[in-house]
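The values are calculated or read from the model by the stated rules, or taken from the named source; none is laboratory data. From a predicted model like this one, the values you see are computed outputs, not experimental measurements. Note that we place each Cβ from the backbone using ideal geometry, even for glycine, and neighbour counts take in every protein chain shown. The area values use the complete protein model at the heavy-atom level, side chains included, leaving out ligands, DNA and RNA. Shrake-Rupley method; radii C 1.70, N 1.55, O 1.52, S 1.80 Å.
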Amino acid sequence: MQSEKRQIIDEQIQAATDPGRLLILRSSRNALAPVSRLPEAILTTIFLLLRRNSTFVHDLDDLTWLHVTHVCRSWRQAALDCALLWTDILFDPPDWAAEMLRRSKSAPLSVDISLEPHAAVSKLDAACLALTRVSHIRTLHLELAASDYTERIIHLLRTQSADVLEHLSIQCSDDTWQRDPEEIVQSRGICELPVDIFGKVAPRLQRLELRLCQVSWNNFLFDNLTFLSLEIVPSSSRSSMPQFLDFLRRMKGLKNLHITDAIPLRGPFVKTLPPPIAEQPLVVLPHLSTLYVYECALECGDLMRYMVLPRVTRVVLVGTHRWSRPASLPCSAIPFTDAIPSLHSKRMQEYPYHPARLFVRQHFPSLGQRFTCLPVATTSQAGDVSFITELRWDSDRTHDSDDVLSQCTARLILASPLDRIQSVTFLSYFFMDSQAWILVLEHLAEVQELHLTGACVYGFAQALRTLHTPSRDNIPLPKLSTLTISNAQLSYPLGSGQLFVALRDALLSRALSYGLSIKLAFTKCHITAGQLEELEAACIHPIECNGEPDTFGIGEIQDDGSDFEESDEGGEDTHADIGDETDGSDA
Amino acid sequence: MPTIVSVDDSTVPGEGSSRLLLLVSSDNKHIVVEEDIMSRSRFISKQVEGFEATSQRHAILLPFSSFVLNKVIEYCSHYRGYYLLEDDPDAAPPGRSPVREWDQEFLDVDRNMLLRIIKAAHYLEIKSLVGSCARAIADMIRGKTTEEMREILGVENDFTPEEEHSPSSKCTG
């Protein structure tokens, strides 16, 4: 029936010459199309699925949601009547903003404004027009450059209540290549948020992200936050530690806390952590699931002394040296590493013994020299727990010796619950000497698998040999069954500390003294046939060798950083180089 | 349109652990289906509540063909016992929702059939099926030009030149 009607109309369309008549016929034909008989509720559901979603960058160029208004009259009407379709306000071109604001009626808005220092008047006017509707804005993202117009924008935010605002993000744009926060502040300026922003009314605000913004810690608008990200707060507006702690303490429902260069400073000349502030209560955040702190190690250590976290919180602490003061790492690393055991002990009181995994990584030069990444993951019925600590510094500004780095690495590892760890993976570019290793290995009573890559291997082998001397009472690494070594040169270094010699002696002692053997494997290592044969004899088991040799970290300069990245994964399944006998133990 | 007619008790098989319903399609096909399967439909649930109030057994008349009805029953049978967020946002425990890849295959039908299914789902108030169909239609036209959309949907440009360039067409890409 419908198809017959459609056929008749098609014939009439073919015959029609009058434009008006033609449009009427086309509308009649459209009315018969199955798609036209969809209820408006379904049409708007489809339109909303096509809506621009600023969460996905690739969606930004997709204008299908706009094109639907050009399909036919009925679709245009349905789209124009659907206020939700127009709530994600566009500012490019600027005159769209006014039209979208009109079409969105009173629906909650999503406003994302990015204004460069010398923004066109029309764009600034469009932005200000959108900000006159603050009471209807649910999500507000402002990217500003400190400029003449900032005051105008802030004034608009100050004079209206934000009744439905849930997510506020304000950031001053900056040159991302600059790292020193103070340099960024000096070159780009900051955005000052008044204490009476939104007329002190934003009852639904849950998510706050501020970058390069001066904010008052006494602002009670933020007490209901579940997500807080503070990035690069100028030192001049960081207030005092008690005020900052009070600010955090009020946010009982906080689930995610990200702090980057925002903790109150202890003063530019403070080298060690001062005593805790007297009578300062701890900050208890019972719902926190993620804590990320990227800060000068000293300030980071300072803050962590006051934090009490639930056991399932994912903690990432990245301690840096003070950017403006070269060689400040050694003095600031100590309070940083001291803060970690206290945090662990607080956590350890709450959850009992669980097997754990330790992953230590020293980043490679191509990524900038960094220091020790140490996640500890425990798996339990109560959920996963992970803990990552890392020390970083700018290699151009600091010239720390291997001794200092070695000590700091050991301190970080020792801060983890070593007595629970069953598996260790350690990737390193820098050496960790045998004394530091001895401190660590003595605690690894549960470890079954060890995987060592790079320069850390040499100190490890020497420590293993030392620990296997007959005079020692305890069996070192009593449960160790598998040892995998990657990216090492068995003939390095020269002398009695040679990796091959130390390893062989340790394995022989272990077998003779305790009757214990280890399954050994080499990946991407330089090893001679003679060395391999002797080691197989010492550890009883056949040794597995894989991968092309790659010995970064022992003096060979690598130009191509990508080689280091490849080496992380253990390499391809080819046999390790079995070199000439002359490279062997006599070297 | 009346949706309920009285039927002989013998038409509907007896009461077991899951009661049976008689659905009558627009092409007058009688389809017996377990009540549990159709419980995803708020429309059917409301009808059944009505039966309980009157202690009468009824067939439920539906304004779409048996072909479409069978597709809807197939969908409901597949998700029998599952919580789907759209249908029951309060009751759905985390992790119970199955992967919805099945929907993609299930809705791999021609345009007209897809439109019939979404209309039936809308009528029966099965939000999850409406959502899946709407996603399928949206995917069909996503990234297409206006002309391509008209071709896919089988509609004509019925705008006057003035309408095409009127202020209301401003901000339409």
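Taking the chain by itself as reference, the range B:142-166 contains these residues with an accessible-area loss of 50 Å² or more in the full protein complex (1.4 Å probe, heavy atoms): B:R142, B:T146, B:M149, B:L153, B:V155, B:E156, B:D158, B:F159.
Nearest 100 Å², what total accessible surface is buried between chain A and chain B (probe 1.4 Å)? Write out the running numbers ahead of the final one.
On the way: alone 26700 and 10860 Å², together 34100 Å².
Answer for the A-B pair: about 3500 Å² buried.
Sorting A:T139, A:T159, A:T150 by accessible area puts them as A:T159, A:T139, A:T150; the probe is 1.4 Å, largest comes first, and only protein heavy atoms count. Scalar couplings 3J(HN,Hα) for the range A:294-303, obtained by applying the Karplus form with A = 6.51, B = -1.76, C = 1.60 to θ = phi - 60°, are 10, 7, 3, 3, 5, 5, 4, x, 4, 4 Hz; x denotes Gly and Pro.
What pairs from B:K71/B:K119; A:K123/B:K144; A:K479/A:K519; B:K71/B:K127 go past 20 Å between their alpha carbons? Before the final figure, lay out each step's value.
Numbers: B:K71/B:K119 12 Å; A:K123/B:K144 29 Å; A:K479/A:K519 12 Å; B:K71/B:K127 15 Å.
Long pairs (Cα-Cα over 20 Å): A:K123/B:K144.
For A:Y294, nonlocal amide neighbours, meaning residues 5 or more places apart or on other chains whose placed amide H falls under 5 Å from its own, are A:I259, A:T260, A:D261, A:V318. For the peptides B:137-145, A:213-221, the ranking by mean Cβ contacts within 10 Å, running from highest to lowest, is A:213-221, B:137-145.
Heavy atoms only, probe 1.4 angstrom, no DNA, RNA or ligands counted: give me A:V71, A:V201 ranked by accessible area, highest first. Walk me through the numbers before you get to the answer.
Numbers: A:V71 0, A:V201 55 Å².
Largest accessible area first, the list is A:V201, A:V71.
So, counting K/R as plus one and D/E as minus one, what does the shell of residues with Cβ under 13 Å around A:P108 add up to? Computed value for this residue: +1. Under the rule of at least 5 residues apart or a separate chain, name every residue whose amide H is placed under 5 Å from the amide H of A:I89. When sequence neighbours closer than 5 places are left aside, the close amide H contacts are A:S110, A:D112.
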